[in-house]
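Only the coordinates and a few stated rules stand behind these numbers; no lab work does. Just so it is clear, the structure is predicted and the values come from calculations on it, not from any experiment. Please note: Cβ atoms are built from the backbone with ideal geometry, for glycine as well, and neighbour counts cover all protein chains shown.
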Amino acid sequence: MGLSGPQWLIDGAEVGTFVFGRTAQMAVDVSDFAGGELTFKLWKATQAPPLAVVRVQVPAVGPAPVTVTADVTLDHQWKVLFDLPTTYSYVSECVEKQTTLPYRSTASFLADPISDDLLFPPLHFTVSAPGQTTVTSGVIRRESPAFIPGNRAELLVDGNEILPRVIADINAAQHHVHLNWFFFDAGALIAEALEQAANRGVEVRLLFDLPATAMPEPLGQGIPLERFDAGLDQLKAAGVKVVSSSFLVAPLDNLRTITDPEYRDRIDVQKDYVSRLMLTHGGILAWNAFQNRMTSRGLPVTIQRIYQSAGALGSAGIGSPALLGGCRDHTKLIIVDGRIAHCGGANGQRYYLYDNPIDPARDAKEESEDPATTEKWPKWHDCFIRYEGPAVAAAQRYFVERWAVSSGEYLDRASAAYFPPPVSVGSASIKVISNVPGLERDIGAEYLRMFRNATQRIRIENPYVTDDLIAHYLVHAAQVRNIPVELFVPHKYLDFAIARDLMGYRQPALVAAGIQLYAYNSHMLHVKVATADGHLTIVSSYNFAKSSAAQLFEHGVVVDDAAFAAQVEQRLFDVDRPVSVRVTAPPEPDWAEVGRGPMRLLDRVV
């Protein structure tokens, strides 16, 4: 018998790189075989045991070689670093030992700088038959997104800068406007711009989480339903295509008629991932409720806490599939004519988009109650990046897939109308990154790459910091490599108590490691930005939370440009530090109280 020429195939062609979600073939040539079973084993290039074992029955083969293949889907299960956010809980460990423990800054995964091979480990396969020599394939890699040069980037700070810039771009649209938002207010000024664009013949597609938006505060924006419904009806009447992004499992069935293999394979993986995630978390929640029924606190308190938990999980990217019906789309992305893109943390509602600038030194509640103001609500502090250039095409590809998954409409990826020829317009290199549950986790990967490879300084603003993997890398930078790390988080106006508690439990370890922790108290800080070494910046919708790492669709960019990094440092960090409070001695948590109720469970999913 002869086994030879093992190779990776996708759609019949030999490949050395892959995209998560594609079905690949492990192929081997067989000759002089009497018939029987071949065993294909898929391996991480650096780890054992095998990730998958596929057995193929092969009939008798003569001296002329016959190619035998075994299918395998390249999906989320084969990443190396991302097991930690959903399996390791700093809070649970502290509860068990009744003490505040430091993050392990000597953990094995911190030993080396972040590389593509570490983030996306190479794969190979072996083929064997009883009594025969095993043959081994070459490796196949999944490469991270590449930097795309030739872009112009602009930082927009707060709603009074974001709103007019977005409206101006919509008003100038010639062919299409694509919006992918978590929350959207159908009665806001931006809705008027969309309606006017559609009336003049522009294709307008609006993808947002309609049930979450329509819910009362704090889950949603709390607008009157009649106004919300009337606004949506008016948009639809003008020709705006409106689709809800929520409840992922059901919309996936819309794509059964799509034959594009990349879409087909990726959607199958997403559907499988969401189903398993919901089943797992739903079972844990049910068991947790049963256990708490047996405690002295009693069922009524347990139910109350679970409802409170559900409320907390509904906001700003903090979401459990078991409670919220699937992996939610937490993206904030606007694309105009395939040439201009906006993304960041701001949703399409009044807390984020407003006319009058906030005063960073003034309390948000007092500001909203000022008789002179016409905007009678506490405003949130947030930002967008607006960019033009060749990188916009990568953001458009993300939108096209999200739109297809939620609407069933397939936009032609070869169309020059959606993907115009790239034109260099500036000096910024931009890497477009996204998180797709079950597939890509590129945003989290890029944050880890930034934090582990930084050599001079790291500066961060993020509203929810509960992901222990992120914390490990920040502690390692500050404590082991002596890199100054500044971390700004909200406190007074942090919108959900559970998020505040989970963050508070971690603060002693962060402060003890030497991280400069600042509490931003004048407004709700919703900025999701990090810079490193004065030239690298990440702007995204991504929270430093386990939910963003594993459960939510997220989108963002990495910008390699010193001028843009300077904008971010001067207009965000340098402005926000003087109005923030340095956290030097956070109180020790009561771990006995933390261990009660659903709190310990929520630490694994929030």
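Backbone geometry of segment 58-71 corresponds, through the Karplus equation with coefficients 6.51, -1.76 and 1.60 at θ = phi - 60°, to 3J(HN,Hα) couplings of 10, x, 4, 10, x, x, 6, x, 10, 7, 10, 10, 10, 7 Hz, x marking Gly and Pro.
Highest average first, the peptides 62-68, 329-335 ordered by how many other beta carbon atoms sit within 10 Å of their residues are 329-335, 62-68. Take 19-29, 106-116, 159-169 and order them by the average number of nearby Cβ atoms within 10 Å per residue, most first; the result is 19-29, 159-169, 106-116.
In straight-distance terms, cross-link reach from residue 241 covers every one of the aspartates and glutamates whose alpha-carbon lies under 13 Å from its own, apart from those fewer than eight places away in the same chain; here that gives 195, 203, 233, 409.
Mind listing the long-range amide H neighbours of residue 464? Cut-off is under 5 Å, sequence gap 5 or more, other chains count too, H placed in the peptide plane at 1.01 Å from N. Correct list: 544.
Could you order the peptides 232-243, 131-142 from most to least packed, using the average number of other C-beta atoms within 10 Å per residue?
Details: 232-243: 17.0, 131-142: 14.8.
Listed from highest to lowest mean packing, they are 232-243, 131-142.
The 3J(HN,Hα) values that the Karplus relation (6.51, -1.76, 1.60; θ = phi - 60°) gives for segment 177-185 are, in residue order, 10, 10, 10, 10, 10, 6, 10, 8, 9 Hz. Gly and Pro appear as x. Near residue 41, which lysines are there with a Cα under 28 Å away, not counting those fewer than 8 places off in the same chain? Straight-distance partners of residue 41: 79, 271. Fewest-first ordering of 491, 555, 476 by other beta carbons within 10 Å of each residue's beta carbon gives 491, 476, 555. Annotation for segment 510-537 versus segment 542-606: alpha-carbon center distance of 8 Å. Phi angles across segment 5-15 convert, under the Karplus curve 6.51 cos²θ - 1.76 cosθ + 1.60 with θ = phi - 60°, into 3J(HN,Hα) values of x, x, 8, 8, 10, 10, 6, x, 10, 5, 9 Hz, Gly and Pro given as x. Between segment 1-32 and segment 87-159, what is the C-alpha centre distance in whole Å? Segment 1-32 and segment 87-159 have Cα centres spaced 25 Å from each other.
Note on residue 376: aspartates and glutamates with a C-alpha under 18 Å away, same-chain residues under 8 apart excluded, are 158, 185, 217, 355, 359, 363, 366, 367, 495.
Shown here for segment 332-423: GluC sites (Glu not before Pro) in loop regions (DSSP other than H, G, I, E, B) with at most 15 other Cβ atoms within 10 Å, namely 409.
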